[in-house]
Amino acid sequence: VWSRNGNLRTSLISVGKPVHALAWGPKGTDLLLAHGNLLSVKSTAAGKRTLQWKGLPDSSGIVLCVDWSSVTNRIVTGSEDCIYRIFDSFGLPLYVSKRAEHAITSVAWRPSGDSFAVGSFNVLRLCDATGWTYSRTRTNVGSFMRLKWSPDGTQLAGATGGGKAVFAQIVDRTMEYGSVSATLTDPSKITVADCSVPGSEEELDFPRDRVVDFALGYGHLVVCTASQCFVYEAPNYNTPQVFDLRNAVNLLVLSKKSFAIVDTVNGVQVYNYEGRLLSSPRFQGLRPEFLSADYLSLSPDVIAILDQTDLKTVRIFDALTGRPCASGPEIKHDQEITKVSLSQYGTSSLDRRLVFIDSNRELFITPTANLPGVRKKFAVQKLATQVDTCCWNDESDLLACVADSRLTVYYYPHALYVDKDLLSLTQETQDGSEFGKLPQIQTFYGTQIGVRRADGALLTATVPPYPAMLYEYASGGRWKECTQLCRFIKSPQLWGTLAGMAIYHQDLESAEIALSAVKEVDKLQYIKHIKSLPSSEVRNSEMMLYKRCAEEAESILMQASPPLVYHAIKLNIRLFKWDRALEIAKKNKKYEDIVLWYRNKYLKEFGRSENMDAYARLGKEMGDLDDEEIERKKNEAKEAELGSGDRK
């Protein structure tokens, strides 16, 4: 390793074969080298073990070129056997190409990490990050010995064995949203077309600069050139909102009400579609050059960023102010996270959900704000295992994922925080074997799910339109129409979704109908019991108990005015929390005899003797209890707490 002034700093490693290629790791602390058919990762830090694996199976072959992506942390190699390969940072093979005509002499990751270039004799390829080929261009310049991308990722320079320099630009890149498509036909020209409107094709020219990045979604087209940002609103593409950019854009992410621009100097900046800067979230350790669409997600009111210095932490910011969310500034996990995604449905941060996939390929969900009745330590819940990819719907809270060769669509993922038993009733599973290995869900717009296979083929799956209609009715409080829709469709998944929604919004009438439709008799009986209660505080407490939130249920009773002490005691007795029941009675200096009576009754029914000292002492103090007297006191306690007209 040499300093930039040419001074030898250290002799890092010595191997028995010639070193044909080198590449620095994303953080600049690891060095990848290719020697013979082997690949080695050597750390510059002392004491770390060198990682080594076979770059190609043939021991007589040679790995000629390597590159290491700073964004995806993936390694691409090219070798004499005319094959390029993709590995993760631990040497696990992710992709092996078909054999080309000639040896692979150069490879180079695009700065954004979403694609890479491959050079061989008279052939230049552009490949997706998963390995399949976008395009193959034939030239007459000899072998491409070295490839290098421009910092903005729009241009590629190549040095060839024929003594010529070759320059290339990316074109024909296409984005689709609904019936609208936008195609980069020229470095400074985009064609927009709506297939539902004949003759609607329009050309957008940017004569001042070349297009660096563009994104289409949520009724808007955002185009970033080298010095300006253009914001178009469909279907009017004649009068865009324009503002200047000082630095090249690395990443562009859209949401319903705003979009985020990432560059290496200013970091993350959030704009609305009128071109006004809303916020610029920052935190110590923000590495914008390492961010990708998998590490940053934007919703109308929240932005989530995966901390690149600690891949087990997701930072949550208010999209309007750029400040850390007061209800939960960060989410910590016990494994490294590989993808984050925020839901787009809802009007406030209480409706926002974050899903993430970790290094074990497990899918988790968590609210971004503190939900009533959801304790922080139980906020992160596992949804699925062996997950390849996931994506939220743009119009509702539907969540699609491909896991274990099956496509699963969760109609109401929030059911985990209402009743875990209902989750299985709100999901639809389809066979996903046609998607192959390592598929990626690229879009989930309306009822269409776009899945990209590992070989580059784009497949489409569909979901029924009825869940989105159910969300629309429920958001407007139109529960009668929700019930009518479910009765018309007669889908168990739709009834389960309605049950979860109705319980969450405490519309017990609709919940009772939905639970009877899915034949959940025990839950139905409990909902009917809650409906019969005379007090709103007691009903709310029982709803919390239904959600398995006993502490919150007790808190509602004790915070009532006046406190419902007797009902709080009965709540803990039903849960066999005898210590807490007696503690409440002693603290409020009443109903101790009732607690002791229930305890004695419990011991008698189960044929057990007293083993709790507090109850043993209380029994000696009070002696024998008269059943009729206790019944009279119980009735008086109920009348005292629920007898007022307001409570009823």
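No other residue among SER106, SER179 is of a type in the set (Gly, Ala, Ser) and either touching a Pro at 6+ places or on another chain (Cβ under 7 Å) or surrounded by fewer than 17 Cβ atoms within 10 Å (Cβ to Cβ) (or both) apart from SER179.
Within region 216-237, the set of residues being of a type in the set (A, V, I, L, M) and closer than 21 Å to GLU201 by Cα comprises LEU216, LEU221, VAL222, VAL223, VAL231, ALA234. Yes or no: region 331-353 includes at least one residue that is touching a Cys at 6+ places or on another chain (Cβ under 6 Å) and open to solvent by less than 40 Å² (accessible area, probe 1.4 Å). So far as region 331-353 goes, no, none of its residues is touching a Cys at 6+ places or on another chain (Cβ under 6 Å) and open to solvent by less than 40 Å² (accessible area, probe 1.4 Å). Against the numbered list (1) modelled with pLDDT under 95; (2) under 20 Å from ARG125 (Cα atoms); (3) in contact with a Lys or Arg (Cβ under 9 Å, 6 or more places away or on another chain), GLU80 comes up short only at (3).
So, of the residues in region 16-25 that are assigned to a loop (DSSP other than H, G, I, E, B) and at pLDDT 90 or above, which turns out to be nearest to the chain's Cα centre (by Cα)? Filtering first and then ranking leaves GLY25.
Quick grid of which residues meet (1) surrounded by fewer than 16 Cβ atoms within 10 Å (Cβ to Cβ); (2) under 24 Å from ASN540 (Cα atoms); (3) out of contact with any Phe, Trp or Tyr (no Cβ under 6 Å at 6 or more places or on another chain):
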| site | (1), (2), (3) |
| --- | --- |
| THR366 | no, yes, yes |
| ASN370 | no, yes, yes |
| LEU399 | no, no, no |
| GLN442 | yes, no, yes |
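Within region 304-321, being over 20 Å from SER359 (Cα atoms) and open to solvent by less than 10 Å² (accessible area, probe 1.4 Å) holds for ILE316, PHE317, ALA319.
Condition (residue is open to solvent by less than 20 Å² (accessible area, probe 1.4 Å), part of a strand (DSSP E or B) and either more than 25 Å from ASP294 (Cα to Cα) or among the polar types (S, T, N, Q) (or both)) applied to region 129-141: is it met by at least one residue? The answer is no, given that none of the residues of region 129-141 is open to solvent by less than 20 Å² (accessible area, probe 1.4 Å), part of a strand (DSSP E or B) and either more than 25 Å from ASP294 (Cα to Cα) or among the polar types (S, T, N, Q) (or both). Taking the stated definitions as given, is TYR345 within 12 Å of the chain's Cα centre (by Cα) and either within 27 Å of GLN448 (Cβ to Cβ) or of a type in the set (Val, Ile, Thr) (or both)? In short, no. The set of residues in region 281-292 that are open to solvent by less than 60 Å² (accessible area, probe 1.4 Å) and over 25 Å from SER150 (Cβ atoms) comprises PRO281, PHE283, GLY285. Against the test of being under 23 Å from ARG136 (Cα atoms), open to solvent by 10 Å² or more (accessible area, probe 1.4 Å), among the charged types (D, E, K, R) and part of a loop (DSSP other than H, G, I, E, B), the options ARG85, ARG4, ARG99 yield a single qualifying residue, ARG99.
Residue by residue, here is whether (1) under 21 Å from LYS339 (Cα atoms); (2) aliphatic (A, V, I, L, M); (3) buried (at least 20 other Cβ atoms within 10 Å of the Cβ) holds:
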position: LEU416; (1), (2), (3): yes, yes, yes
position: LEU423; (1), (2), (3): no, yes, yes
position: THR426; (1), (2), (3): no, no, yes
position: TYR445; (1), (2), (3): yes, no, no
position: VAL451; (1), (2), (3): yes, yes, yes
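Is one or more of the residues making up region 475-486 part of a helix (DSSP H, G or I), among the acidic types (Asp, Glu), touching a Phe, Trp or Tyr at 6+ places or on another chain (Cβ under 6 Å) and open to solvent by 50 Å² or more (accessible area, probe 1.4 Å)? Yes: region 475-486 contains one or more residues that are part of a helix (DSSP H, G or I), among the acidic types (Asp, Glu), touching a Phe, Trp or Tyr at 6+ places or on another chain (Cβ under 6 Å) and open to solvent by 50 Å² or more (accessible area, probe 1.4 Å).
Quick check on region 472-486. Is at least one of its residues closer than 30 Å to THR133 by Cβ and at pLDDT 90 or above? No, there is no match, as no residue in region 472-486 is closer than 30 Å to THR133 by Cβ and at pLDDT 90 or above.
Which of the residues that make up region 402-441 are over 30 Å from ILE527 (Cβ atoms), assigned to a strand (DSSP E or B) and either in contact with a Cys (Cβ under 8 Å, 6 or more places away or on another chain) or hydrophobic (A, V, I, L, M, F, W, C) (or both)? Answer for region 402-441, where residues must be over 30 Å from ILE527 (Cβ atoms), assigned to a strand (DSSP E or B) and either in contact with a Cys (Cβ under 8 Å, 6 or more places away or on another chain) or hydrophobic (A, V, I, L, M, F, W, C) (or both): VAL402, ALA403, LEU407, ILE441.
Scanning for something within 29 Å of VAL314 (Cβ to Cβ) and without any contact (Cβ under 8 Å) to a residue 24 or more places away in the chain, does region 246-263 turn up at least one residue?
Looking through region 246-263, at least one residue is within 29 Å of VAL314 (Cβ to Cβ) and without any contact (Cβ under 8 Å) to a residue 24 or more places away in the chain.
In a residue-by-residue description of region 556-575, the property of being within 50 Å of the chain's Cα centre (by Cα), open to solvent by less than 40 Å² (accessible area, probe 1.4 Å) and at pLDDT below 90 applies to at least one position. For region 145-152, the condition of being closer than 30 Å to PHE435 by Cα, out of contact with any helix residue (DSSP H, G or I) (no Cβ under 8 Å at 6 or more places or on another chain) and in a loop (DSSP other than H, G, I, E, B) holds for none of the residues. Filtered by the rule that a residue be among the β-branched types (Val, Ile, Thr), crowded, with 22+ Cβ neighbours inside 10 Å and more than 19 Å from THR264 (Cβ to Cβ), region 223-237 gives a lone residue, VAL223.
Scanning region 152-172 for residues that are more than 31 Å from the chain's Cα centre (by Cα), aliphatic (A, V, I, L, M) and closer than 16 Å to ASP128 by Cα yields a single hit, LEU156. Among the residues making up region 561-599, those that are within 21 Å of MET544 (Cα to Cα) and of a type in the set (S, T, N, Q) are SER561, ASN572. Restricting region 455-474 to residues that are part of a loop (DSSP other than H, G, I, E, B) and open to solvent by less than 30 Å² (accessible area, probe 1.4 Å), the residue that is nearest to GLY436 (Cα to Cα) is GLY456.
Within region 494-525, the set of residues being over 20 Å from LEU350 (Cα atoms), open to solvent by 10 Å² or more (accessible area, probe 1.4 Å) and in contact with a helix residue (DSSP H, G or I) (Cβ under 6 Å, 6 or more places away or on another chain) comprises TRP495, LEU508, GLU512, ILE513, SER516, ALA517, VAL518, LYS523, LEU524.
Within region 264-280, the set of residues being without any contact (Cβ under 8 Å) to a residue 12 or more places away in the chain and open to solvent by 40 Å² or more (accessible area, probe 1.4 Å) comprises ARG276, LEU277.
The numbered conditions (1) open to solvent by 30 Å² or more (accessible area, probe 1.4 Å); (2) more than 27 Å from ASP318 (Cα to Cα); (3) in a strand (DSSP E or B) are all true for GLN241 except (2).
Can you pull out every residue in region 352-368 that is among the polar types (S, T, N, Q) and closer than 18 Å to ALA415 by Cβ?
Residues satisfying the conditions are THR366, THR368.
The values are calculated or read from the model by the stated rules, or taken from the named source; none is laboratory data. Just so we're clear, the structure is a prediction, and the values are computed from it rather than from any experiment. Heads up, the Cβs are rebuilt from the backbone with ideal geometry, glycines too, and the neighbour counts pull from every protein chain shown. Areas reflect the complete protein model, heavy atoms only, side chains present, ligands, DNA and RNA absent. Shrake-Rupley method; radii C 1.70, N 1.55, O 1.52, S 1.80 Å.
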